[in-house]
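Participant: Pasting a structure here, questions to come.
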Amino acid sequence: MNNVDIKLNPALPQQMLRSCPAYRPSPLAQHEIAGHQVWIKDETHRMGLGAFKAMGGVYAVAELLLHETGLMQADLATDRGRAAAANVTFVCASAGNHGMAVAAGARLFGAKCRIHLAETVPEDFVERLRAKGSEVVRSGATYEESISAAIEDAKESGAVHLADGSWPGYTEPPRLVMEGYTVIAEEMRDSFVSSGNWPTHVYLQAGVGGLAGAMAYMIRTNWAVQPEIIVVEPDAAPCLQHSAEAGKIATVSGPVSNMGRLDCKTPSMLAFEILSKATDRYVSISDKAATWGVEQAALLGIASTPSGAAGLTTLLQDLDAGIYPEMRPLVILSEGAVGDA
């Protein structure tokens, strides 16, 4: 392992995002499922973008703009700030939602944005990104190939590369993205402190691992009651589980999954460093099971996707198998149905 010293400060994104007119805490409610009271954190309408990634991308754009322009936080979104931001272009690869968050942040503060998408990303995302004012480039057959294209783009154009995955020599922008996600965990902690009803098990779906890593970091750092943490990946891309077994970053191969935002073959280095220490159990699920999870979410009145409902899918499988007879589980529905946001 790289033994990276990872520090995430939830106070910084809380201060910045809570000054944003679009910010509202997302709903956290209990639902009765198979005789269990299940906490569901519903990110399907987050900041009008329909996914948890809004918290990371918008915050990271703002922080990087302060670095690039020398502005103060109070200058952001003012005429002076927008004039300075107009000279900055952000570039990233995305499986969909990270690109939406970066595009929204760039538009909010007056910067430019260019998103590289693999051929597997639905056309709905292309249309939504362009509606946010972003330039969209189709780059490669896989997510990994679109990342390579974004890296080269940033080198050649001088744009700011804002990825949500990390690797040796590239950690600060993805650390900021993860820091933005910590607000989600803090919203939940506030609710659990108030109610005194803490979850015993937390299901965290993962692609490169940004959300899972940020949630696990906050849970292990400052939750008063420590739950079991279960990380869920597509069986076509169990890169975090394989990395944990190998004790180092591992790239996996597999077919394209219907869990498009989780279909990542190489994990984020920062997320891996956290999850390799914090995770109690890894689970991989099939595309068929993930589709069933979406149907079950709909029965609860929440429209999601195979990616967004992957944690719920695994919980339901565990309930059917009777793995945890006594539990108060928590799942995060991390995105709404594509095109609904």
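Participant: Identify the residue in the stretch 68-80 that is in a helix (DSSP H, G or I) and in contact with a helix residue (DSSP H, G or I) (Cβ under 9 Å, 6 or more places away or on another chain) and, among all such residues, is nearest to Tyr181 (Cα to Cα).
Facilitator: The residue in question is Gln73.
Participant: From the residues in the stretch 12-29 that are touching a residue at least 60 places away in the same chain (Cβ under 8 Å) and not in a loop (DSSP other than H, G, I, E, B), which one is most open to solvent (accessible area, probe 1.4 Å)?
Facilitator: Among them, the one singled out is Leu12.
Participant: Return only the number of the condition from (1) modelled with pLDDT under 95; (2) more than 30 Å from Val256 (Cβ to Cβ); (3) assigned to a helix (DSSP H, G or I) that Ala83 does not satisfy.
Facilitator: Every listed condition holds for Ala83 apart from (1).
Participant: Keeping to the stretch 191-201, report how many residues are closer than 23 Å to Ile323 by Cβ and open to solvent by 10 Å² or more (accessible area, probe 1.4 Å).
Facilitator: 4
Participant: Would you mind telling me which numbered condition in (1) open to solvent by 50 Å² or more (accessible area, probe 1.4 Å); (2) within 26 Å of Ala206 (Cα to Cα); (3) part of a loop (DSSP other than H, G, I, E, B) Ala163 fails?
Facilitator: Unmet condition: (1).
Participant: If you don't mind, there's one more thing I want to ask. Do we find a residue being of a type in the set (Lys, Arg) and within 14 Å of Met178 (Cα to Cα) anywhere in the stretch 51-67?
Facilitator: Scanning the stretch 51-67 turns up at least one residue that is of a type in the set (Lys, Arg) and within 14 Å of Met178 (Cα to Cα).
Participant: Of everything in the stretch 101-159, what is under 21 Å from Lys265 (Cα atoms), over 20 Å from the mean Cα position of the chain (by Cα) and crowded, with 20+ Cβ neighbours inside 10 Å? Give them in sequence order.
Facilitator: Ser139
Participant: With the structure loaded, tell me whether Thr291 is over 17 Å from the mean Cα position of the chain (by Cα), surrounded by 17 or more Cβ atoms within 10 Å (Cβ to Cβ), assigned to a helix (DSSP H, G or I) and not small (Gly, Ala, Ser) or whether it fails that test.
Facilitator: Here the answer is no, as Thr291 does not meet what is asked.
Participant: Would you pick out the residues in the stretch 67-100 that are within 24 Å of the chain's Cα centre (by Cα), open to solvent by less than 10 Å² (accessible area, probe 1.4 Å) and small (Gly, Ala, Ser)?
Facilitator: Ala93, Ser94, Gly96, Gly99
Participant: Would you mind stating whether Val177 is open to solvent by less than 20 Å² (accessible area, probe 1.4 Å), of a type in the set (Val, Ile, Thr) and under 16 Å from Ser268 (Cα atoms)?
Facilitator: Yes, satisfied.
Participant: Residues that are in contact with an Asp or Glu (Cβ under 8 Å, 6 or more places away or on another chain), closer than 30 Å to Ala111 by Cβ and in contact (Cβ under 8 Å) with a residue 24 or more places away in the chain: does the stretch 30-37 have at least one?
Facilitator: No, the conditions are met nowhere in the stretch 30-37.
Participant: Looking for something under 14 Å from the mean Cα position of the chain (by Cα), charged (D, E, K, R) and either within 22 Å of Leu312 (Cα to Cα) or open to solvent by 10 Å² or more (accessible area, probe 1.4 Å) (or both) - is there at least one such residue anywhere in the stretch 202-220?
Facilitator: No.
The values are calculated or read from the model by the stated rules, or taken from the named source; none is laboratory data. What you see is a predicted model, and the numbers here were worked out from it, not measured in a lab. Heads up, the Cβs are rebuilt from the backbone with ideal geometry, glycines too, and the neighbour counts pull from every protein chain shown. Side chains are part of the model used for accessible areas, which takes the heavy atoms of the whole protein and leaves out ligands, DNA and RNA. Shrake-Rupley method; radii C 1.70, N 1.55, O 1.52, S 1.80 Å.
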